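Nothing in this text is a laboratory measurement; each read-out follows from the coordinates by a stated rule. Model, not experiment: these values are computed from the prediction. Cβ coordinates were reconstructed from backbone atoms using ideal geometry, including for glycine residues, and neighbour counts include every protein chain displayed.
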Amino acid sequence: MSVLRAENLRRVFGEHVALEDFSLEVEPSSIVGLIGPSGGGKTTAIRLCCGLDRPDRGTVRLFDRPVSKLRRQDRQRISLLAQTPALVEEMTIEQQVSFSARLYGLRTDGITSALDRVGLSESANTRISAASGGMRRRTGLAAALITDPELVFCDEPTAGLDPILRERIWRWFRTRRSHGSAMVVTTQHIEEAARCDRVIILREGIVIADAKPAQLAVSSGLAEQVVIGVPYFELDRSLAALAVRFEGEAWASGCDIVLGAADAASAAADASRTLRNIGVSISSIDTVAPGLDDVFRAIVEARE
Amino acid sequence: MSSTVRRAFNESSVIARKELTELRRQPGVLLLVVLGPFVVLAMFGIGYRNEELALKTVFVGPSSTPYEAAIDRYAAAIDQYVVPVAYTTDLAAAGEDLSAGRVDLIVVLPPRVEQAVLAGERSEIAFIHNSIDPIERIGIDFAAEVAVRELNASVVTATLDSLLNEASDVSQVSGQLTPQFASFEQAIAEGDERAATLAVLEIQQTLDDMRPAFELSIASVPAQSESEDATTISALDELSRRLNEADGDTSQVELEPIRTAVAELDRQLAQVLSLDAELLARPFVGDAESLVRSPVSAEDHVAPGATALLVQHLSVSLAALSLVRDERRGIMAGYRVGPTSVSSVLAGKLAALSAVGLVAALLLVGLQVLVLDVPLRGSLAAAMGIIIGLVVASVALGLLLASVFRTELFASQSAMIALLVALFFSGFLLDLDRIIEPIRSFGALVPATPAVTGLRNVQLRGSAAGTSTAVTLTLQTLGALAIAGAVLARRWRSGLR
């Protein structure tokens with residue numbers, strides 16, 4: 001049974017359509033990523049799904065109940081980490097996390113480990129008003145997850161965090177997933193989409209892609225690339241020969257030459273022959289799948 | 001306690017603690033909340049001149065008239081309202097002084113009063129001022145009225161003086177009656193018809209001479225009853241009638257009734273002559289007596305009302321801004337997504353902010369009573385009941401306003417509007433009887449309205465606890481309605497619990 005089922009959501013602010021025909025189904029033990037540029041409708045989708053806002057059209061059901069009719073025990077299973085963490089400036093970090101736990105009727109003995117997970121054990125007594133942006137975000141995360149929710153809405157949880165901390169947090173997400181939690185995560189870090197079980201790309205309120213990360217490259221129609229290493233003094237001559245052979249789909253990237261091709265294997269064989277014919281020795285040759293950045297760009301551009 | 005109630009209580013207490021933590025960490029706010037209103041009241045108490053506002057007045061009138069001397073003579077009688085600073089014939093110069101604010105009032109005295117009076121006309125004294133303050137205008141009108149009455153009373157005094165002098169003459173004339181009666185009796189006894197007739201004629205002449213002045217005197221003297229006036233006049237008439245009826249036949253004249261009538265006239269005249277003209281002109285003096293045990297100074301009168309207004313404003317503002325701030329920070333969103341109910345959130349805030357407001361209100365009243373010497377004549381329990389009701393109702397009103405208007409600007413401005421409503425419709429500034437219904441009922445929207453009356457009654461009149469019960473109940477009802485409205489507004493807006 002899905003923990004979240006949203007169907008055909010539409011939300012309009014004035015004349016601006018923030019979200020159009022948005023549907024989402026989230027199963028337990030899964031992470032769904034909402035990706036898209038700013039103003040794409042990610043936060044609107046989150047707010048509608050967790051019941052903070054009402055759609056102009058469509059329905060949202062959590063734990064098989066309409067979101068507006070959830071019981072207290074249903075809400076106890078949900079947690080939200082907003083884009084700007086909702087913190088009480090006058091509290092310390094520890095008090096803030098304890099406050100969240102007590103609101104859910106929980107004991108506060110898990111606070112230390114919660115703070116430890118987000119690297120805030122040393123700063124437990126720091127006042128929120130004196131905390132950095134990163135510390136605030138981690139405090140919000142600890143407060144949202146200390147309640148051990150079954151469904152977590154995280155609106156850009158890793159924004160502003162360094163790569164090491166981002167990695168720790170995603171590891172924690174995966175741990176929660178392995179314990180059965182479902183997560184809806186928005187992010188602007190395209191590479192984080194690869195960590196999700198499913199990715200939805202939103203642009204101007206419309207879903208332009210909805211697939212597993214591995215399927216996104218295929219659906220983008222973006223070709224694999226062949227990367228060829230040549231001696232630096234042969235770079236210009238090699239690039240000229242390959243540009244003629246591949247009709248402009250060859251460009252330099254450092255001391256390497258990159259080829260774009262639908263069939264990477266035959267392109268690699270063809271390029272080897274071409275360079276051998278002009279007496280250039282090849283130091284390396286590899287085929288590379290397109291990056292998510294490229295996939296995202298390609299999908300967005302294809303819709304423009 | 002059922003688990004639902006216990007859970008709601010736990011949620012509310014968590015939120016209440018959060019509110020108190022927020023406020024405790026802002027000592028500046030607490031200091032401002034407690035000491036700010038007290039300092040304002042203290043400055044008012046120290047700076048307010050608790051005395052009558054006498055108007056600096058220039059008198060303008062013709063030269064060489066008795067006015068100037070009269071003003072000096074009567075200055076003491078009107079100095080409560082008017083302080084004479086000059087007597088001049090130059091109205092234009094006086095007008096410049098008035099425009100420049102050097103004087104408050106010009107009194108223009110009429111020329112030739114005697115001629116006007118003889119012509120049967122009243123003379124007009126003009127009062128010119130430059131005030132735009134309606135309350136001060138009422139004061140000036142009142143002072144002008146009092147001054148004219150004093151002047152008229154002075155004229156009446158002078159007239160009565162003159163009449164009493166005439167009555168004194170009458171007394172001398174009436175004194176002649178005794179020997180005239182003696183002559184008449186002797187003439188009758190001796191059978192001297194001619195002498196008796198002459199004596200009667202003399203008596204009639206004397207009576208005719210004294211009659212007008214006597215009648216005036218009788219009319220000027222406030223009789224103890226209408227019948228007394230009638231008796232006196234009828235005695236005089238009876239005397240004249242009997243003498244006229246005799247028509248020269250002295251044997252028809254009965255002396256005994258005449259003697260009785262003359263004796264009555266003498267008694268009346270003696271009474272008239274014993275009177276004081278000043279007393280006759282101003283027979284009444286005012287002696288206002290209040291049921292309030294001790295006098296109430298201006299600052300005493302202002303303090304309870306000001307307390308009600310300040311406590312309302314501070315409680316409404318604290319509550320409204322707290323809720324709006326939580327909304328802006330996203331904390332309310334966290335509550336809505338999680339298991340915390342709207343009722344628990346509002347109950348927690350109501351408890352914490354009421355506690356803070358109550359501490360501030362009690363300190364404010366305590367400092368007033370102990371430092372500014374504002375009275376607390378009624379029971380402490382009654383005052384406490386009203387203050388608790390006021391604080392709770394005001395916090396509830398703040399929560400309602402923040403639930404309807406959800407931005408900080410709206411919240412602060414709506415708190416200000418609530419203060420304005422209290423200022424104009426609570427009876428703090430203006431007597432509520434001056435405001436027509438249903439506009440007056442507008443004041444019932446804010447908790448300060450019953451609290452102003454209630455605190456004044458308890459602090460200044462010394463009302464007992466029982467009399468404040470109605471006020472406390474009204475405040476509790478207002479608070480309950482406001483909190484119910486806040487819950488409904490939030491539920492309606494969010495479409496949640």
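The angle between the Cα long axis of helix A:163-178 and the main principal axis of chain A comes to about 70°, on a 0 to 90 degree scale.
Extending 7 Å from the Cα toward the beta-carbon at both B:GLN176 and B:ARG241 defines two label points whose distance is 2.6 nm. Based on the Kirkwood approach, the hydrodynamic radius assigned to the range B:1-133 is 20.8 Å, with every pair of different Cα atoms included.
Assuming 1.002 mPa s and 20 °C, estimate D for chain A with Stokes-Einstein, Rh taken as the Kirkwood radius over Cα pairs, in µm²/s.
After rounding, the answer is 98 µm²/s.
Between B:ALA119 and B:ALA355, what is 0.36 nm times their sequence separation minus the Cα-Cα distance? Round to one decimal in nm. Each step should come with its number before you reach the end.
Numbers: separation 236, 0.36 × 236 = 84.96 nm, distance 7.59 nm.
Contour length minus Cα-Cα distance gives 77.4 nm.
Between B:ALA54 and B:LEU31, the FRET efficiency from the beta-carbon distance, with R0 = 51 Å, is close to 0.80.
Of all DSSP bridge pairs formed entirely within the protein assembly as shown, close to 55 percent run antiparallel. Kirkwood analysis of the range A:14-75, using all unique Cα-Cα pairs, places the hydrodynamic radius at 13.0 Å. Which of A:THR84, A:LEU70, A:VAL32 sits farthest toward the positive end of the charge dipole of the range A:1-89, with +1 on the Cβ of Lys and Arg and -1 on the Cβ of Asp and Glu? It is A:LEU70. Each eigenvalue of the Cα gyration tensor of the range A:147-288, multiplied by 5 and square-rooted, gives one semi-axis; in descending order these are 42, 17, 13 Å.
For B:LYS18, go through the lysines and keep the ones whose alpha-carbon is under 30 Å away, minus same-chain ones fewer than eight residues off. Result set, ordered by chain and number: A:LYS69, B:LYS349.
So if R0 is 56 Å, what FRET efficiency would A:ALA214 and A:ASN125 give, r being the distance between their Cβ atoms, rounded to the nearest 0.05? Once the sixth-power term is evaluated, E becomes 0.80.
Could you give the angle, 0 to 90 degrees to the nearest 10, between helix A:292-303's Cα long axis and the longest principal axis of the Cα atoms of chain A? With rounding to tens, the tilt is 90 degrees.
Work out the length of the dipole vector of the protein assembly as shown about its Cα centre, built from +1 on the beta-carbon of each Lys and Arg and -1 on the beta-carbon of each Asp and Glu, and round it to the nearest 20 debye. Write out the running numbers ahead of the final one.
Values: 74 positive and 96 negative charges, 1793 e Å.
Magnitude of the dipole: close to 8620 debye.
Take the Cα atoms of the range B:359-497, build their convex hull, and give its volume per residue in Å³. Let's see the in-between values first.
Values: hull volume 17.5 nm³, N = 139.
In the range B:359-497, the Cα hull volume divided by residue count equals 126 Å³.
The simple Förster model, with R0 at 25 Å and r as the Cβ-Cβ distance, assigns B:MET416 and B:VAL39 a FRET efficiency of 0.80. Just going by the charge dipole of the protein assembly as shown, with Lys and Arg at +1 and Asp and Glu at -1 on Cβ, which of B:GLN268, B:PRO295, A:THR287 is farthest out on the positive end? Positive-end residue among those listed: A:THR287. Distance between the C-alpha centres of the range B:284-339 and the range A:4-56: 44 Å, rounded to the whole angstrom.
Shown for the protein assembly as shown is the translational diffusion coefficient from the Stokes-Einstein equation, using the Kirkwood radius over Cα pairs, a temperature of 10 °C and a viscosity of 1.306 mPa s: 43 µm²/s.
Taken along the Cα-to-beta-carbon direction at a fixed 7 Å, the label points for A:ASP21 and A:ALA252 span 4.7 nm. At 7 Å along Cα-to-Cβ for each site, give me the label-to-label distance between B:LEU432 and B:ARG149 in nm. A separation of 3.0 nm, rounded to one decimal place.
How many angstrom lie between the C-alpha centres of the range B:173-204 and the range A:129-161? Using only Cα atoms to place each centre, the spacing works out to 129 Å.
For chain A, the longest principal axis of the C-alpha atoms and the axis of helix A:93-103 are separated by about 60°.
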